[in-house]
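Notes follow once the structure below has been shown.
The values are calculated or read from the model by the stated rules, or taken from the named source; none is laboratory data. It should be emphasised that the depicted structure is a prediction, and the values quoted were computed from it without experimental measurement. Because the Cβ atoms are built from the backbone with ideal geometry, glycine has one as well, and the counts that use them run over all protein chains shown.
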Amino acid sequence: MKAGDEEILRYRTGLREVMFFIKYSKDREKLAEIMNSDRERFENLERRAADVIEAVTGSRMHHEEGEETVNVCKAILDIQQEAYDKGKLEGEQNERTNTLRESARADAAETHANAEKKRADAAERELRRLQEENRRLRVQLSGGN
């Protein structure tokens, strides 16, 4: 434990959990360690103490209206699950966006290739027409039919 933890341990009310939670809210591993070491108290934290934690840390702990205690451990797991689900959804959306983007690029490339082929085919037909016309003119000039 860091310096000052001994002082926090002196508290016998929900203030102890509030102080530890605030102190270690940015250190997930240490917070998990603290919560596991005093699991029963964090699983039955007074509603007012949970409200203070939410206000100070910006955490959004899900709890039922009218509950006198809050299971902070479950609330944290719910927050993590919500974040995981949100991240997964965003990842899936990004994947779909990338797939659509790649499909659009492939379609554009195919369209471009088709247009190039049509131009090449038209140029080839025009070349054959001109060659045939050139051949006829040569025949006419040489006196043949």
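Applying the selection to segment 1-31, what residues are of a type outside the set (Gly, Ala, Ser), over 28 Å from the mean Cα position of the chain (by Cα) and in a loop (DSSP other than H, G, I, E, B)?
Passing the criteria: 1, 2, 10, 11, 12, 13.
Just checking, which of 31, 15 is surrounded by 13 or more Cβ atoms within 10 Å (Cβ to Cβ), modelled with pLDDT of 80 or more and within 16 Å of residue 69 (Cβ to Cβ)?
After applying the criteria, what remains is 15.
Taking the condition of being part of a loop (DSSP other than H, G, I, E, B) and not aliphatic (A, V, I, L, M), how many residues in segment 32-66 meet it?
Total satisfying the criteria: 10.
Checking the conditions here, which among 46, 67 is in contact with a strand residue (DSSP E or B) (Cβ under 8 Å, 6 or more places away or on another chain) and of a type outside the set (S, T, N, Q)?
Answer to the selection: 46.
Of the conditions (1) exposed (fewer than 13 other Cβ atoms within 10 Å of the Cβ); (2) in contact with a Lys or Arg (Cβ under 6 Å, 6 or more places away or on another chain); (3) closer than 22 Å to residue 81 by Cα; (4) not hydrophobic (A, V, I, L, M, F, W, C), residue 40 satisfies every one except a single condition; which number is it?
Tallying (1) exposed (fewer than 13 other Cβ atoms within 10 Å of the Cβ); (2) in contact with a Lys or Arg (Cβ under 6 Å, 6 or more places away or on another chain); (3) closer than 22 Å to residue 81 by Cα; (4) not hydrophobic (A, V, I, L, M, F, W, C), residue 40 fails exactly one: (2).
Given the conditions (1) over 26 Å from residue 6 (Cα atoms); (2) without any contact (Cβ under 8 Å) to a residue 12 or more places away in the chain, and given that residue 63 satisfies all but one, which numbered condition is not satisfied?
For residue 63, the exception is condition (2).
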